[in-house]
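Structure record follows, encoded as structure tokens.
The values are calculated or read from the model by the stated rules, or taken from the named source; none is laboratory data. Since the model is a prediction, treat every value here as computed from it, not as a measurement. A quick note on method: Cβ atoms are made from the backbone with ideal geometry, for glycine too, and the neighbour counts reach across all protein chains shown. For the accessible areas, the whole protein counts, side chains as well, though only heavy atoms, and no ligand, DNA or RNA atoms are used. Shrake-Rupley method; radii C 1.70, N 1.55, O 1.52, S 1.80 Å.
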Amino acid sequence: MGEGFVFIEIIIFAMIAAFLVYRLRSVLGRRTGEERPRPNPFTAPTARPDNVVAMPQRAPTDAPYAPDEPVSLAEALKQIHAADPTFDEKTFLQGARGAFQMVVEAFAAGDTATLRPLLSDDVYDNFVQAIRHRQSAGETLETRIDRIRDADVIEARLDGRDALVTVKFVSDQINLVRNAAGETVDGDPKQPVEVVDIWTFRRNIRARDPNWALVETRTPN
């Protein structure tokens with residue numbers, strides 16, 4: 001009787017284990033051995049920006065977007081949420097802060113592998129050019145941010161399958177450029193300055209990938 005009961009318990013535990021393995025594989029998917037971890041700041045619960053630098057600028061190359069009827073920012077955000085119910089402005093801004101930190105740190109370090117999945121092709125090419133120019137000149141970039149005063153959505157629109165959201169970052173930061181001899185050639189190590197960065201992020205709302213790509217950086221006119 002005891003051995004039979006133990007045998008039944010073993011079968012039950014085996015069935016439970018098999019079910020759990022099936023559920024995990026259905027949620028996480030199967031790995032082929034070729035996957036590479038990809039940063040995903042837009043699904044992180046919190047993000048604390050540490051470093052900010054002035055990003056290479058990318059001027060829009062396409063014709064300005066001209067909707068048939070202008071809509072307010074609030075209405076544009078509602079349209080994006082209607083098309084993608086997972087979109088939430090507060091969560092998006094948390095992710096934008098995380099992306100801001102990751103991009104800034106990677107740019108300062110010349111880490112193109114981290115930059116690649118976070119940027120559109122055009123922005124990535126511009127960043128790589130700036131990094132290579134800095135390296136060829138024997139210069140290094142050091143950054144420190146004292147605080148980010150604001151990070152606010154200032155523009156949004158739904159363009160076909162693409163949602164585009166623009167964030168204005170206002171921060172007090174120190175950016176130092178040193179030459180090959182370690183001498184400061186630009187910036188003041190003791191005096192933070194106010195810097196305003198305007199970044200536009202884009203995401204295909206029909207894609208499973210939750211990441212937003214940085215498609216444009218600029219400063220106010």
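(1) touching a Gly at 6+ places or on another chain (Cβ under 7 Å); (2) under 17 Å from V104 (Cβ atoms); (3) open to solvent by 60 Å² or more (accessible area, probe 1.4 Å): which one isn't true of I174, the others all being true?
I174 satisfies all of (1) touching a Gly at 6+ places or on another chain (Cβ under 7 Å); (2) under 17 Å from V104 (Cβ atoms); (3) open to solvent by 60 Å² or more (accessible area, probe 1.4 Å) except (3).
Somewhere in the stretch 90-104, is a residue β-branched (V, I, T) and free of Cβ contacts under 8 Å to residues at least 40 places away in the same chain? If you could, list the steps in order and put the result at the bottom.
We begin by selecting, within the stretch 90-104, every residue β-branched (V, I, T); these are 91, 103-104.
From what's left, free of Cβ contacts under 8 Å to residues at least 40 places away in the same chain: none.
No, the conditions are met nowhere in the stretch 90-104.
Only one residue in D152, D197 is open to solvent by 60 Å² or more (accessible area, probe 1.4 Å) and either at negative phi or assigned to a strand (DSSP E or B) (or both). Which one? Outline the logic, then answer.
On the way: D197 fails: open to solvent by 60 Å² or more (accessible area, probe 1.4 Å).
After ruling out the rest, the residue left standing is D152.
Hey, among the residues in the stretch 132-145 that are open to solvent by less than 80 Å² (accessible area, probe 1.4 Å) and touching a strand residue (DSSP E or B) at 6+ places or on another chain (Cβ under 7 Å), which one's farthest from R202 (Cα to Cα)?
My answer is E139.
Looking at the stretch 83-97, is at least one residue under 30 Å from A181 (Cβ atoms) and in contact with a strand residue (DSSP E or B) (Cβ under 8 Å, 6 or more places away or on another chain)? Walk me through how you get there before you give the answer.
At the first step, the residues of the stretch 83-97 found to be under 30 Å from A181 (Cβ atoms) are none.
No, the stretch 83-97 has no match at all.
Going through Q94, Q101, Q129 one at a time, which residue ends up being part of a helix (DSSP H, G or I) and surrounded by fewer than 16 Cβ atoms within 10 Å (Cβ to Cβ)?
Details: Q94 fails: surrounded by fewer than 16 Cβ atoms within 10 Å (Cβ to Cβ); Q101 fails: surrounded by fewer than 16 Cβ atoms within 10 Å (Cβ to Cβ).
Step by step, each of Q94, Q101, Q129 is checked, and only Q129 is part of a helix (DSSP H, G or I) and surrounded by fewer than 16 Cβ atoms within 10 Å (Cβ to Cβ).
Looking only at the stretch 105-113, decide whether some residue is of a type in the set (S, T, Y) and under 20 Å from N204 (Cβ atoms).
The first filter runs over the stretch 105-113 and keeps only residues of a type in the set (S, T, Y), leaving 112.
Then keep just the ones that are under 20 Å from N204 (Cβ atoms); that gives none.
No: the stretch 105-113 contains no residue that is of a type in the set (S, T, Y) and under 20 Å from N204 (Cβ atoms).
Taking the criterion of being of a type outside the set (F, W, Y), under 29 Å from T86 (Cα atoms), in a loop (DSSP other than H, G, I, E, B) and out of contact with any Ser or Thr (no Cβ under 8 Å at 6 or more places or on another chain), would at least one residue in the stretch 162-184 satisfy it?
Residues of the stretch 162-184 of a type outside the set (F, W, Y): 162-168, 170-184.
If we keep only those that are under 29 Å from T86 (Cα atoms) too, we end up with 162-168, 170-171.
Applying the additional criterion that residues be in a loop (DSSP other than H, G, I, E, B) yields none.
Within the stretch 162-184, not a single residue is of a type outside the set (F, W, Y), under 29 Å from T86 (Cα atoms), in a loop (DSSP other than H, G, I, E, B) and out of contact with any Ser or Thr (no Cβ under 8 Å at 6 or more places or on another chain).
Which of the residues spanning the stretch 70-82 are loosely packed, with under 14 Cβ neighbours inside 10 Å and within 13 Å of A163 (Cβ to Cβ)? So that I can check it myself, show each step before the final result.
Filtering the stretch 70-82 for residues loosely packed, with under 14 Cβ neighbours inside 10 Å gives 70, 72, 74-75, 82.
Within the stretch 70-82, A82 is the sole residue that qualifies.
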